[in-house]
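What follows is a single structure, written as structure tokens, with notes after it.
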Amino acid sequence: MKTRILVVEDEEPLMLLLRYNLEAEGYEVDCVARGDEAEMRLREAMPDLALIDWMLPGLSGIELCRRIRVREETQTLPVIMLTARGEEGDRVRGLATGADDYIVKPFSVPELLARIRALLRRAKPAHVASRLEAGDIALDRETHRVRRAGRELHLGPTEFRLLEFLMQSPGRVFSREQLLDGVWGNDVYIDERTVDVHVGRLRKAINVGDTKDPIRTVRGAGYAFDETFSGAGAG
Ligand code: CA
């Protein structure tokens, strides 16, 4: 069964952009343009996550979020708020009202997708496959074990999360900032160079002997898990 996302956004171009990208990512998307309409929709069908704009006609995003938290059926629904830049006070209020995360417009689509995945993972682990495989590398989210060609690898907790994050989206290039957000969480302040240190440690842990490196460094952009990785030796 597909993961369902309710998008509540009154700006049509943005709504279309969200629908297109979320559907491309494999989600089932339901869009409404009004806050009061969203409230009614939530009584008909329960999504797995709601993406709610701050300023909405009918019922504001903040009030909608407050009502979601009050109603028993929707209390635990994962909510991400979309806010305009410069609304710092509002953003804090957004989280206080019960949103799980917020993202500031204009935002990058990969970052939004990473936030959605992270929130779904926290909220409903069952929606995420327990095992990720690429080439001869297998990562088990439940046991936190990583094997390469059947041999167990020893990764630190940060390297494990970093590998998991990259393996979730093969081929997608993540900036250091996106990796910090996705792996360390957005509340932590860590220097971006820390990412390079941990990628170095991860490479050392997974590339034992003459094996092929699945992690691609994209100059000036960041890192990606090589989507063509087959697991063969370096040759
Ligand atoms: Ca709006």
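What FRET efficiency do you get for S130 and S230 if R0 is 25 Å and r is their Cβ-Cβ distance, rounded to the nearest 0.05?
Details: r = 23 Å, r/R0 = 0.91.
Efficiency computed from Cβ-Cβ geometry: 0.65.
Considering only protein heavy atoms, with the full assembly of protein chains and a 1.4 angstrom probe, order E63, E164, E177 by accessible area, largest first. Can you show the working numbers first?
Values: E63 45, E164 20, E177 110 Å².
I get E177, E63, E164, largest accessible area first.
Taking segment 22-85 as the region of interest, what is the percent of Cα-Cα pairs per 5 angstrom bin, listed from the shortest bin to the one with the maximum distance?
4, 17, 30, 27, 15, 6, 1
Taking H as built 1.01 Å from N, whose amide H comes closer than 5 Å to the amide H of I215, not counting residues under 5 places away?
Under 5 Å from the amide H of I215: D226.
Label R201 and E23 with points 7 Å out from Cα along Cα→Cβ: what is the distance between them in nm?
4.3 nm
Among bridges DSSP assigns within the chain, what percent are antiparallel (round to 5)?
On the way: 17 of 35 bridges.
The antiparallel proportion sits near 50 percent.
For a quick check of your reading of the filter: which trypsin sites (Lys or Arg not before Pro) in segment 1-60 sit in a DSSP loop and have no more than 14 other Cβ atoms within 10 Å?
Within segment 1-60, the qualifying trypsin sites (Lys or Arg not before Pro) (loop, at most 14 other Cβ atoms within 10 Å) are K2.
How large is Rg over Rh for segment 131-225, taking Rg from the Cα atoms and Rh as the Kirkwood inverse mean of 1/r across Cα pairs?
Numbers: Rg = 12.7 Å, Rh = 13.5 Å.
When Rh is taken as the Kirkwood radius, the ratio is 0.94.
Got a sec? What order do D140, D191 fall in by accessible area at 1.4 Å, biggest, i.e. largest, first?
On the way: D140 35, D191 60 Å².
Accessible-area ranking of D140, D191, largest first: D191, D140.
From the backbone phi of segment 218-229, what are the Karplus-calculated ³J(HN,Hα) couplings (6.51 cos²θ - 1.76 cosθ + 1.60, θ = phi - 60°) in whole Hz, Gly and Pro given as x?
10, 3, x, 10, x, 10, 8, 8, 4, 6, 9, 4
What is the set of long-range amide H partners of I103 at a cut-off below 5 Å, with H atoms built 1.01 Å from backbone N?
M81, L82, T83
Could you size up the charge dipole of segment 4-127 around its Cα centre, putting +1 on the beta carbon of Lys and Arg and -1 on that of Asp and Glu, and report it in debye to the nearest 20?
Numbers: 18 positive and 23 negative charges, 97 e Å.
Dipole magnitude for segment 4-127 comes out near 460 debye.
How much accessible area per residue does the chain have, in Å², with a 1.4 Å probe? Numbers along the way, then the final one.
Values: 12040 Å² over 235 residues.
Per-residue accessible area for the chain comes out at 51 Å².
In the full protein assembly as shown, how much of L139 is accessible to a 1.4 Å probe, in Å² to the nearest 10?
Roll a 1.4 Å probe over it and L139 shows about 0 Å².
Find how much the distance from S108 to R172 grows on full extension, using 0.36 nm per residue of separation minus their present alpha carbon separation; answer in nm with one decimal. Let's see the in-between values first.
Numbers: separation 64, 0.36 × 64 = 23.04 nm, distance 1.31 nm.
That works out to 21.7 nm of additional length.
With every protein chain kept in the model, how would you rank M55, M46 by accessible area, 1.4 Å probe, largest at the top? The partial results should precede the final answer.
On the way: M55 125, M46 80 Å².
If we order M55, M46 from most to least accessible, we get M55, M46.
Around F229, under 12 Å between beta carbons, what's the net of Lys plus Arg minus Asp minus Glu among the other residues?
Numbers: positive: R148, K212, R216; negative: E133, D136, D213, D226, E227.
Combined, the nearby Lys, Arg, Asp and Glu give -2.
With n ≥ 4 as the cut-off for DSSP H runs, can you work out [θ] at 222 nm for the chain, using -39500 (n - 2.57) per run divided by the number of residues, rounded to the nearest 500?
Numbers: 8 runs with 87 residues, N = 235.
Only helices count here, giving -11000 deg cm²/dmol.
Quick check: net charge around L113, other residues with Cβ under 11 Å of its Cβ, Lys/Arg +1 and Asp/Glu -1?
Working: positive: R115, R117, R172; negative: E25, E111.
Charge balance near L113 sits at +1.
Per residue Cα convex hull volume for the chain, in cubic angstrom? List each step's numbers first, then the result.
Details: hull volume 31.5 nm³, N = 235.
Hull volume over Cα atoms, normalised by residue count, gives 134 Å³.
Report the FRET efficiency, 1/(1 + (r/R0)^6), for R141 and L16, where r is their Cβ-Cβ distance and R0 is 35 Å, rounded to 0.05. Spell out each step's value before the answer.
Values: r = 33 Å, r/R0 = 0.95.
Result of the calculation: an efficiency of 0.60.
Out of all DSSP beta bridges with both ends in segment 4-127, state the antiparallel percent to the nearest 5. Intermediate values should be presented prior to the final figure.
Values: 0 of 18 bridges.
Percent antiparallel among DSSP bridges in segment 4-127 is about 0.
Give me a comma-separated list of calculated 3J(HN,Hα) values for segment 134-142, in order, Karplus coefficients 6.51, -1.76, 1.60 applied at θ = phi - 60°, integers in Hz, x for any Gly or Pro.
3J(HN,Hα) across segment 134-142, in whole Hz: 8, x, 9, 9, 10, 10, 9, 6, 6.
Using the crude model of +1 on Lys and Arg Cβ and -1 on Asp and Glu Cβ, and no other charge, please compute the dipole size for the chain relative to its Cα centre, in debye to 20. Mind dumping the intermediate values first?
Numbers: 35 positive and 40 negative charges, 169 e Å.
Taking the Cα centre of the chain as origin, the dipole is about 820 debye.
So what's the angle, to the nearest 10 degrees on a 0 to 90 scale, between helix 109-123 and the longest Cα principal axis of the chain?
90 degrees
The values are calculated or read from the model by the stated rules, or taken from the named source; none is laboratory data. Note that the structure is predicted; figures quoted are calculated from it, not measured. In this analysis, Cβ positions are derived from the backbone assuming ideal geometry, glycine residues included, and neighbour counts consider all displayed protein chains. Only protein heavy atoms, including side chains, enter the accessible area calculation; ligands, DNA and RNA are left aside. Shrake-Rupley method; radii C 1.70, N 1.55, O 1.52, S 1.80 Å.
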